[in-house]
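The values are calculated or read from the model by the stated rules, or taken from the named source; none is laboratory data. What you are looking at is a predicted structure, and each value in this text was computed from that prediction instead of being measured. Ideal geometry is used to build each Cβ from the backbone, glycine not excepted, and the neighbour counts take in all protein chains shown. All accessible areas refer to the heavy atoms of the entire protein, side chains included, with ligands and DNA or RNA removed. Shrake-Rupley method; radii C 1.70, N 1.55, O 1.52, S 1.80 Å.
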Amino acid sequence: MFDLEQTLKSILVSENAYLRMNEPMARHTTFRIGGPAGAFVSPGNEEELSAVLRLCRGRGLPYTVLGNGSNLLVSDKGYDGVVIAMEDGFAWRRTEGSCLIAGAGELLSRAASLALERSLTGFEFAAGIPGTVGGALVMNAGAYGSEIKDVLAWARVMTEEGRVLTLSGEELELGYRTSCIPSRHYIVLEAAFRLLPGEKDAIVSRMKELAARRREKQPLEYHSAGSTFKRPEGYFAGKLIEDAGLKGCRVGGAQVSEKHCGFVINRDNATAADVIGLCNHIKERVKAMSGVELEMEVKKLGEF
Ligand SMILES: Cc1cc2nc3c(=O)[nH]c(=O)nc-3n(C[C@H](O)[C@H](O)[C@H](O)COP(=O)(O)OP(=O)(O)OC[C@H]3O[C@@H](n4cnc5c(N)ncnc54)[C@H](O)[C@@H]3O)c2cc1C
């Protein structure tokens with residue numbers, strides 16, 4: 001009989017790899033919400049990743065890819081499939097001339113630190129975004145007037161069949177908080193960012209300035225997944241939510257942040273159902289008050 005745990009164990013043999021069955025996803029999301037993943041695997045290298053993909057596809061097992069879980073709401077029932085976490089095996093960074101190259105599992109903050117160390121400018125905007133390089137490409141993450149699209153030179157991705165392609169930003173169709181990576185079922189392996197030689201002091205002071213702006217405006221003292229909704233054209237989601245009278249509004253343990261209405265926070269042991277209940281209420285009220293349809297920026301995983 002097929003034994004998933006044993007089969008995965010026989011694939012994940014490198015030093016950096018690990019496997020956990022029934023792993024609570026609340027441990028792996030910045031919301032600190034989410035039931036168990038059937039299998040949680042962290043491949044140590046590309047060979048192990050492609051073997052896991054082959055297994056999932058061959059057996060018809062659902063799978064998903066996880067970065068730092070900072071843009072993710074996982075169902076209270078969890079995810080009945082294989083979560084492929086891009087962690088230690090894909091967490092590395094280096095520079096080549098003024099190019100910053102990093103593995104998909106590397107945190108943006110660590111990649112930005114290396115850019116600073118090498119006096120390279122252009123990546124300061126990403127230092128405070130709590131995601132990985134892979135997650136940032138999927139979302140075309142951005143802040144304070146810059147986004148991944150502006151600096152991406154190329155990315156290596158793995159297809160569902162385990163083929164590796166090198167693609168440009170254009171080929172990845174990077175747009176406002178979107179890319180074609182999920183629809184093409186690509187897995188980001190690594191990415192290169194075209195930066196410019198700069199002044200270390202200027203880079204440090206820009207990073208400090210942006211960090212201070214985040215601390216001042218964002219509810220960083222609570223668990224969340226950042227901006228809950230995308231910015232509707234011509235509006236700001238936070239302002240629409242505040243104008244709809246929803247500042248501080250709660251459903252169970254989930255709350256519209258009193259500091260920044262664009263953030264739904266895990267105020268007090270919120271469940272995914274609380275967050276979704278609150279998001280639906282926000283959408284309805286904002287639509288009724290302003291006619292604007294809000295779209296979730298946070299991605300959902302599992303059954304809701
Ligand atoms: C406090 C806070 C502040 C934030 N500020 C910002 C901000 O200023 N700007 C901004 O854009 N975002 C912001 N975010 C949201 C979030 O950090 C970004 O969207 C980030 O890019 C997500 O990266 P991640 O690694 O956490 O991705 P995850 O949340 O782990 O995954 C997001 C999506 O990407 C997919 N994915 C992840 N890695 C890969 C991979 N290697 N290959 C293929 N698919 C993959 C996942 O399947 C999922 O669909 C903030 C979040 C928080 C909690």
key: Residues of the stretch 119-146 that turn out to be touching a Lys or Arg at 6+ places or on another chain (Cβ under 9 Å), surrounded by fewer than 21 Cβ atoms within 10 Å (Cβ to Cβ), at negative phi and not hydroxyl-bearing (Ser, Thr, Tyr), as a count   = 3
message = Out of the residues in the stretch 168-206 meeting the condition of being over 21 Å from Leu114 (Cβ atoms) and among the small types (Gly, Ala, Ser), tell me which one is nearest to the ligand (Cβ to nearest atom).
response = Ser179
key: Of all residues in the stretch 64-78 being open to solvent by 20 Å² or more (accessible area, probe 1.4 Å) and over 16 Å from the mean Cα position of the chain (by Cα), the one that is nearest to Glu297 (Cα to Cα)   = Asp76
task = Can you run down the residue pairs with Cβ atoms below 8 Å, 6 or more apart or on separate chains, where the first is in the stretch 77-97 and closer than 13 Å to Met21 by Cβ and without any contact (Cβ under 8 Å) to a residue 40 or more places away in the chain and the partner is among the polar types (S, T, N, Q) and open to solvent by 80 Å² or more (accessible area, probe 1.4 Å)?
result = none
ask   = So which residues in the stretch 211-233 are open to solvent by 80 Å² or more (accessible area, probe 1.4 Å) and more than 12 Å from Arg177 (Cβ to Cβ)?
value = Arg213, Arg215, Glu216, Lys217, Leu220, Glu221, His223, Glu233
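Small (Gly, Ala, Ser) and buried (at least 20 other Cβ atoms within 10 Å of the Cβ), is that true of Gly38?
Here the answer is no, as Gly38 does not meet what is asked.
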query = Among the numbered criteria (1) of a type outside the set (Phe, Trp, Tyr); (2) more than 16 Å from the ligand (Cβ to nearest atom); (3) touching a residue at least 60 places away in the same chain (Cβ under 8 Å); (4) not in a loop (DSSP other than H, G, I, E, B), which single criterion is violated by Leu73?
reply = (2)
query = Restricting to the stretch 85-103, what's the tally of residues that are within 16 Å of the chain's Cα centre (by Cα) and on the phi > 0 side of the Ramachandran plot?
reply = 0
Enumeration of residues in the stretch 96-107 that are surrounded by fewer than 18 Cβ atoms within 10 Å (Cβ to Cβ) and either farther than 9 Å from Ala192 by Cα or touching a Cys at 6+ places or on another chain (Cβ under 8 Å) (or both) = Glu96, Gly97, Ser98
request  = Output the residues belonging to the stretch 89-105 that are part of a strand (DSSP E or B) and not polar (S, T, N, Q).
outcome  = Arg93, Arg94, Glu96, Cys99, Leu100, Ile101, Ala102, Gly103
Hits in the stretch 167-201 - residues which are of a type in the set (Val, Ile, Thr) and either open to solvent by less than 40 Å² (accessible area, probe 1.4 Å) or not in a strand (DSSP E or B) (or both) = Ile181, Ile187, Val188
message = Name the single residue that is surrounded by the most Cβ atoms within 10 Å (Cβ to Cβ) among those in the stretch 155-166 being within 21 Å of Glu96 (Cβ to Cβ) and under 19 Å from the mean Cα position of the chain (by Cα).
response = Ala155
